[in-house]
Every structure is written in C-alpha cells, then in structure tokens.
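The values are calculated or read from the model by the stated rules, or taken from the named source; none is laboratory data. Since the structure is predicted, the reported quantities are computational estimates derived from the model, not experimental observations. Here Cβ is always computed from backbone atoms with ideal geometry, including for glycine, and neighbour counts include all displayed protein chains. Just the protein is used for accessible areas: all its heavy atoms, side chains included, with ligands, DNA and RNA removed. Shrake-Rupley method; radii C 1.70, N 1.55, O 1.52, S 1.80 Å.
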Amino acid sequence: MAFSSFFRNPSLVFSASILLRAVFLLYGLWQDANSPMKYTDIDYYVFTDAARYISRGQSPYARDTYRYTPLLAWLIYPTVWPGGFWFSFGKILFAVGDVAAGWMMFRILKEYRKMGDERALKFASIWLLNPMVATISTRGSSEGLLGVFVTALLWAALAKQIPLTGFLLGFAVHFKIYPFIYAASIIWWLDDTRTGSKKHTRLALAIYSLLTFIGLNIAMYAIYGWPFLEHSYFYHMIRIDHRHNFSPYNTLLYLKSSPKPTGLEPTAPSLELERLAFLPQLLLSAVFIPLALAKKDLPSTMLAQTFAFVTFNKVCTSQYFLWYMMFLPYYLPDSTLLQSPSIGITAIIFWIVGQVAWLQQGFQLEFNGYSTFVPGLWASSILFFLVNAGILGVIIHDTKTKTKKTENRST
Amino acid sequence: MKQRITYVVQNPEEFSPEQLVVNNEGDFGPSFTLKGVHAAKEHRITLSLDELPKELSKVFQQWHELHIRWASPKPYTATPPFTSRVSPGLHVFFTPLDTTPENALCETLRSFVPGDLTNDERPKCSSTNDTSIKLPILSERFSMSASSQYYAYLESLNYFIGRFRESFCRKRMQCYENLRQFSSALYIDIDYDTISRTVVLTAGWPRATGAIEDGWDETITLPSEDATVEIGVLSHEPNSDPEDIQFGGFLTVLGQDERPKATRFQTPTRHYPLLQSSSTATLNPHPLTFTTSFNQPTGLHPTLTLTFPSQHLTPPNPSCKLHTHLTLPSALFIDAYQFSDALFLASKNLKSLRSLAGATDLEAPNWVVQQWGSAALFQLALPPLHHASSNTQGTWNSSIPLHLRYLPASAASHTSVPVPWPVVFWACRAEEGAKQSSNPFDRMHLGYEGLFGPKTRFMHVEPSGASGHIEGAKSDGLVEWIEVPVLDTRWSGWVEGGTVGMVVLAFLGLCWVLFGKTDGRREVEREKKKQ
C-alpha cells in the first residue's frame, strides 16, 4: 500500500514535513502581500520589531508587549536585514526547529521505545505532519521553537547526558518559565538509574541547570536591566488575565479583578480563593505527578505534567496545546486512548465539543457583542476543563499501570 | 470687564441696518437692540484676575495656561468665521506650573461635573499627572500649545453654570442674564494664561435661540459704568486673497457710539471656511459633509466609519490633505501597530496614523487605566479620480478599527460608552501662517493644530446632523453610544463557588487516580464518569 510504504521511508516523511512548511510559508507570504488580513502572527511583528530595536542598540523591551527573553530577538536578528527573505528568517528558523524536533522524536521513539522506522515515523508524524504545528511555526509564533528545546531536553535526559540536560533545562526555563516542572520529573527519574553515583548525578543536574538559568539571567539583566526582569518574569506573575480564554478561572478572575460598584453595601468579604489557583496546578504538575509517575516512564510523565499545567493554568489559549502535543508520540502508542477505541473516540469527541462550545460563545461575545460571560462562556470553559481533567486521568492511569503492562508483555 | 458680542448675519440680503437700534438715553443706561436678526453669535467676556472673586481667581492662578473647550453634541451648521470645531464634550488643555497641586485638575473638574469623580460611572480623574495625557507637538519652536490634555464626555454645562452663578453673580442681574444665555450656547471656551493674567470666556450660538423664523431679538445694556461692550454685526464677504476672509458690517461701542458704524476688514485665518468653489460672487457652503457610525454589531472590536458623499470629496486646493482627529474615552483604544501595513490602511481607505497620544496599552482593562483616554490623528485616503466622477451618487467610507477594553462587571449585561464624533478637516498649506493669530476671531488649543506646522490652515468638513441612519445604532446627535458586553453580576453569584468546586473536584479526582489503588481499566472509566 502506498500509504504504509510512505511511512517506511524516513526521507519521504521528512521531505513531506519540510514541503508542508514550505507551502505554508509561501502561502503566508502571498497572503501577507495581497490581503489586509495577515497570515503572520501578531507576535512575529513584536519579535521582529524587538530585533530592530536591538539592531539600533536599544532594548527589545522598547517594543510594547515584548515579554520574552532578549535571546529570542537576538535569535532572529537577521530579520532586520533588508529584503522580504530575511524578514521571514525567523519563521524559517521556527519551522526548521519544528522539523528538528520531529527528527528527535523519531530517534527517541526508535531508541527508547524500541520502535521500527515505520511505527516511529507514524507517531512522530503527529508532530511532523500536523498542520496545526506547521501553521503555528510558519506564522512566526515562538511556541514552535520551544518544541526543539523541550524535545532535546527529553532526549538528553533519556541519554543521561547530564551536563547537556542541565544546560537545556536551564535554557528552557529561561526561555519560557514553565519547563521548570520537568526538573522534578527528570531528577526523580534519575534516581532510578542503577549506577551507584546517583546522588552525584542529581546534584550535577541541579548545578548545571541552575548555573545556566542564573548565568543567562545575570547576563540579560546586566545588558537590559530591570525591564528584562519586569517583562519576561514579573509580568507573568502580576498579570490579571481578565480577557476571555479557555482557562476555568477566566470568568472568576474577571469578576475578582473588576472594581466593585460604589454606593452598594459592602458584600461579605470574599475568600479570594482564586489567589490559590497556583496550588492545584503546581502540586499536580511539579510535585504529585513527577513523584507518582516519573520512575515508570519519563516521557509520559512529562506529558501528564504539561497537560496538568495547561489544564489548571490561569490562562489558556490554543498555542498552549502545542506544549503537550510534543509529548503525544511517546504516550499514544500504548495508551488506552488508542487501545480502546471507544474511550479514545469519546475523549476526542468530548474535547472537540468543549472547544466548539467555547469558541461559539467566544464568537458571540467578541464579534456579536452578546454578554456571554455567564453562563455560556463560564460553563463551556468548565466543561472543557473537566474533559481535559478526564483525559489527564486516563494519561495518569495509563502511565501508572505501565510497568505492569510492559512486564506482562515481556513474559 | 470687556465684552465683545459679534453677530454674523447668515443671509446678508435679508439684513438691513434698521434692525439695529442704539439708544443712549434709556432708563437703564445706553442700550443696543437687535430686531429679528438671523445670525450666528459669539459673546466674549474678558476679565482680569482681580475682577474675579478670590476663590475663582485662585483656581486660574494654579496654572501656567488653561484652555477649556466644551462643545454640545447637538448638530449645527457653522457660519464663518466660527467654523472650527472640537469633538462634543469637555476638553481641558493646560500647562501646569511647577507649583500646581496634583489634585488641581480634578478640583477644577468638580465644578463641571456633579458627584464623586472616583466613581466608575463618572469621568475619570485621579490626579493631574495620572489622568491627563501629554500632547505630542510637531512644531515645538513655534508652538503655543498647552502640554497636556484632559477630556470627558459632558452633554451640558448646566451644572457648571449653576455653580458659577452661585459663586460669582452675587445678585447682579446682568450676570444672571448672561449666564442664563450661556446655558443655551452650543460651545464655550474658557482661556487663561499667566502672561495676560486675564480670563476670556467665549460662548457661541450658531443661530438664534428660540423659533427658527424669529432670529435674535435682544437688548444689550452696559453692565456697569466702567465696563466696555463692543457689538459687531457683520457679514462674510467674498475676497480675492485665497488665505484671507473678509467681513463688512457695523461696529458699536456701547455708550460711545450714537449709531452703528460701518466697517470692513480682511484678515488671514487659521480656520478657513470650506466654500463652494464654483461661484466667487456669492459665498455658499461646500456640500461636503460627513457622518460617523459604527458597523453593527460592534462586538469587542468596533469599527468607526466616516461616510462622505464621494462626488464632493476633492481637495479644495492641491496642498490640502483630509484628516480626522479622534478623541476616544479610555474604554476604547487604537492599536497603532495595525496601521503600519500599507494594504491594511488601503483596505480601510486610510493614508496613515499621523499621531496617537494617551492610553494606548493594548492589554489593560479599563479599571486599570488611569488616563482619560487617547487622541489620534489620521490622514484619510481620497477616492481615485475616476471613482469620484463616475460615482456621482455614491459614498466614500473610511473606517478606523478600534478595540474595547474590558469594563467592570455590573448588574446589567452591557455598559454604554459614549464616543463623540471626530472632527474632520482639510489641512492645507498657508503662506501667511504667522499672521493668523492677528485674526480677532482666531481660535486655538483645539488639540490638533499643534500636530501641524505653523503654516497650516484648516478647512473644516461639517458633520451632517442626520445621523442614526443605521438600524440598531443608538445615536444622540454628534455622539455615538456603544453597548459594551460586561460580566453580568446578576448571574455571577455562583461563579466563584462553581469554579472552585469544579477545580477541587478535578484535583481530588486526579490525586485519587495518582495515589489510589489501581484496579485495571474500570477505575479509569469510573473516573471519567465522575468527571
């Protein structure tokens, strides 16, 4: 069959994934040049503006809403060179990063999941041939670049390249903060190594990652000063996230941050439980899941962590789905979601229903001006949250029972 | 105290000098009477600081300069030379002194707006520095502009006039009478600066109050023996100099002149009337007008559309560029980055975003923004020539995409936000720019002249009174109201409990899956059902 022979040939799959991105990139250039509606992500204009500020010797934070490490603007520095090609350099870099991440997934699946080429390519294609992934990187969103760092981190950890793992971890946290949750699972997982010097390994990892993280931050602070800390770190802690998004906390945060109408009787003092929203999120993603699962299976643990982090986060947009999508190829092959089609199909249908319900309510608010905050938008975000929690339950359960299953299979 | 009252006759052919009567021997002193004069009127009172009550004089002395501009949302047709406009509402342009207290602006506002300014329903005012916005100034060297701007939408000045009457008039009948008249004015300017140390109060009426056919029927008397009252009854006359306007008519200094004295003068003008170019002998207003509307539904990204009759949309002079100046309350904002793309601008029939000042944060909700809002200047694109000639009945739309901030949750599904109509004008080159201020009717500090070079004249496009033509749009003269969806607190009682409950439930359920005893697949299914 042509279809199966396609997946037997790595060069075909990778060529197809490159072609997919090239087509999207070219289409984007065409749309940008011919339509007032831009294909390019708004964030890409933020990055390239920031790079332009850097090229003039200014701070990237001179650009409003630049909330990233200055390294990102430096990475895409060539976008300030004249010409349309160089302006697309960042998108090309992100797309190359995508394909590189897919290649690493392929290698990890072969080496650490003991898959043959065909099976490994099929599952790596969840990433490589995913139009959503290709779209996000060719539109110029930096989430695509994260895939290459985090997948490299996983690979380095699995290969027990401790200095490299530490460096990648420190770098990824500097870049996007949330990968700090992987520190717990990798360190806990390393404990499982049979070598005698496990204490040293963990300590070494901690030192390498901290040195990288602190070193990068000191360097950036030395060059860009307070705005660097303010925009790339503190902003994320003090932001209100009042605008509608998929997070279950969204309506509550709008309600709580909104000033109370004056002239009314003061209502009963609120418990301000929303201030504790980080607790279930961090307990699950950075403590409980690593403790309970890391030793069974590192990639699936990282998937569960990321899934928990995104599901319980105070803000959630569709780009965040990419964060956990990069771990699906390692988990799905033995998962209940694939083994039991009824559960798998039910899960995907519920997930889609949750999305569609939310998007419909969001559209009514954003474009038709209906006040759908309550109950519509709130209820659909809670529904979506519960569906995600259910899927997370399946992932956790699968990972937890994994050793048993693999043992059963080997006997 | 000096007073200057100017009537500019709307139709010179219907006017005759017999309609003016001077009587210097009346029981109440000298008087000047108009009988049924159809005219636009401007009343200017100039007071030195020591003529004001102490507390009022102190208010002015806090500032280096202070220029208050108020315009009514009621539509009107302007008569030259009173053609300049500001968006309806209360504008305050000022330059503080080093010693100006931080609450000076809000204290001043309190005399205009009743109630508590910290209340969210009211115009915003927390402190002079935080609430006002800095005016970008193009020509620093020549600029006479104030440094800061404040704006609040205010439908009428009745509250202010009432307060002013109480503290100022002190049983002087003339004062009561003047203020009663001022309450029917459609625009009022108050100007003060430290150099002249005078307060100038100017009120304008585009036509006589009362029935349309009546015209002005009034008698002006001297308020006190040492007061000067100068009354002009003028008409706009054709003039060959392209940058001058000319007036002829009668001037009367009350108590000095026995009869109205004939006069004729010409002057360069900053606000040049937009006239029909075909006829030089008669002066007809240009048929170009505009309307403002919002595309419905407005959603969270309202688009403001300016509509023009395309056949009249040709520059009055090759140097003229069409501009619009927007005054936006903080509930709305402009994303300047959108306007850097040529295709995007062209699709909206815009040329460029020339200037943007004030609250431009792209993420902040309205309750976090302390500034009153923002002001923007756009240059508009014109229809291509073939479009204008072939499409004689058509209209030309320029649209400006705006974005709404989140507004506080309230016990209703929507909150209404007023958006005053912008001003639209041709900005044209003026060789005699420096002489414009010699015009006795010159008007400055409108928020946009400082954005142009000194050699600029403005030809204003009249807003068309007939608005509200779009179904479903709430319109009230020269102001549009946007319904902003907000979180309805009548429904939100269970949001906190519901959210926290569901999160705790999911958290406990997941902990159970993590740490509970494993019993194969059934548990997963149970877990899923539970969710």
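Scanning the stretch B:478-503 for residues that are touching a residue at least 12 places away in the same chain (Cβ under 8 Å) and either surrounded by 18 or more Cβ atoms within 10 Å (Cβ to Cβ) or facing another protein chain (nearest Cβ under 7 Å) (or both) turns up B:Leu478, B:Val479, B:Glu480, B:Ile482, B:Glu483, B:Val484, B:Pro485, B:Val486, B:Leu487, B:Asp488, B:Thr489, B:Ser492. From the set of residues in the stretch A:15-47 that are within 11 Å of chain B (Cβ to nearest Cβ) and β-branched (Val, Ile, Thr), which is nearest to A:Phe228 (Cα to Cα)? In this case the residue turns out to be A:Val46.
Residue pairs whose Cβ atoms lie under 8 Å apart, sitting 6 or more positions apart in sequence or on different chains, and linking a residue in the stretch A:270-297 that is under 18 Å from A:Met237 (Cβ atoms) and more than 9 Å from chain B (Cβ to nearest Cβ) to a partner that is in a helix (DSSP H, G or I) and hydroxyl-bearing (Ser, Thr, Tyr), are A:Ser285/A:Thr306.
Within the stretch A:123-143, the set of residues being within 15 Å of A:Asp41 (Cβ to Cβ), assigned to a helix (DSSP H, G or I) and open to solvent by less than 10 Å² (accessible area, probe 1.4 Å) comprises A:Val133, A:Ala134, A:Ser137, A:Thr138.
Screening the candidates A:Ala120, A:Ala156, A:Ala95, A:Ala101 for the property of being without any contact (Cβ under 8 Å) to a residue 24 or more places away in the chain, buried (at least 24 other Cβ atoms within 10 Å of the Cβ) and assigned to a helix (DSSP H, G or I) yields one hit, A:Ala120. The number of residues in the stretch A:64-85 being open to solvent by less than 50 Å² (accessible area, probe 1.4 Å) and either modelled with pLDDT of 90 or more or of a type in the set (Phe, Trp, Tyr) (or both) comes to 11. The residues of the stretch A:237-254 that are within 7 Å of another protein chain (Cβ to nearest Cβ) and open to solvent by less than 30 Å² (accessible area, probe 1.4 Å), listed by number, are A:His242, A:Pro248, A:Tyr249, A:Thr251, A:Leu252, A:Tyr254.
Selection within the stretch B:243-256: residues that are in contact with a Leu (Cβ under 8 Å, 6 or more places away or on another chain) and farther than 20 Å from B:Ser437 by Cα. The member of this set that is surrounded by the fewest Cβ atoms within 10 Å (Cβ to Cβ) is B:Gly255. If you filter the stretch B:345-376 down to residues that are open to solvent by 30 Å² or more (accessible area, probe 1.4 Å) and in a helix (DSSP H, G or I), you find that the one that is nearest to the other protein chains (Cβ to nearest Cβ) is B:Ser347. Just one of (1) of a type outside the set (S, T, N, Q); (2) in contact with a helix residue (DSSP H, G or I) (Cβ under 6 Å, 6 or more places away or on another chain); (3) open to solvent by 40 Å² or more (accessible area, probe 1.4 Å); (4) at pLDDT 85 or above fails for B:Lys528. It is (4).
Just one residue in the set A:Tyr61, A:Tyr45 is within 21 Å of A:Ala219 (Cβ to Cβ), assigned to a helix (DSSP H, G or I), within 25 Å of the chain's Cα centre (by Cα) and of a type outside the set (Gly, Ala, Ser); that residue is A:Tyr61. Return yes or no: is B:Phe82 more than 16 Å from B:Ala203 (Cβ to Cβ) and touching a residue at least 12 places away in the same chain (Cβ under 8 Å)? Judged against the criteria, B:Phe82 is not a match.
Scanning the stretch B:504-525 for residues that are surrounded by 13 or more Cβ atoms within 10 Å (Cβ to Cβ), over 19 Å from A:Gln305 (Cβ atoms) and modelled with pLDDT of 90 or more returns a single hit, B:Leu505.
Can you tell me which residues in the stretch A:331-358 are among the aromatic types (Phe, Trp, Tyr) and either surrounded by fewer than 19 Cβ atoms within 10 Å (Cβ to Cβ) or within 12 Å of chain B (Cβ to nearest Cβ) (or both)?
Result: A:Phe350, A:Trp351.
Of all residues in the stretch B:150-174, those that are on the phi < 0 side of the Ramachandran plot have Cβ atoms under 8 Å from Cβ atoms of residues that are charged (D, E, K, R) and assigned to a helix (DSSP H, G or I), 6 or more apart or on another chain, in B:Ser167/B:Glu55.
Residues in the stretch A:211-255 that are on the phi > 0 side of the Ramachandran plot and more than 22 Å from the chain's Cα centre (by Cα): A:Gly225 alone. Those helices (runs of 4 or more DSSP H) of the stretch B:27-133 in which 1 or more residues are of a type outside the set (S, T, N, Q), surrounded by fewer than 17 Cβ atoms within 10 Å (Cβ to Cβ) and over 24 Å from the mean Cα position of the chain (by Cα) occupy B:54-61. Hey, does the stretch A:128-148 have a residue that's free of Cβ contacts under 8 Å to residues at least 24 places away in the same chain and small (Gly, Ala, Ser)? No, that holds for no residue. Number of residues in the stretch B:314-344 that are touching a Pro at 6+ places or on another chain (Cβ under 9 Å), surrounded by fewer than 21 Cβ atoms within 10 Å (Cβ to Cβ) and among the aliphatic types (A, V, I, L, M): the value is 1.
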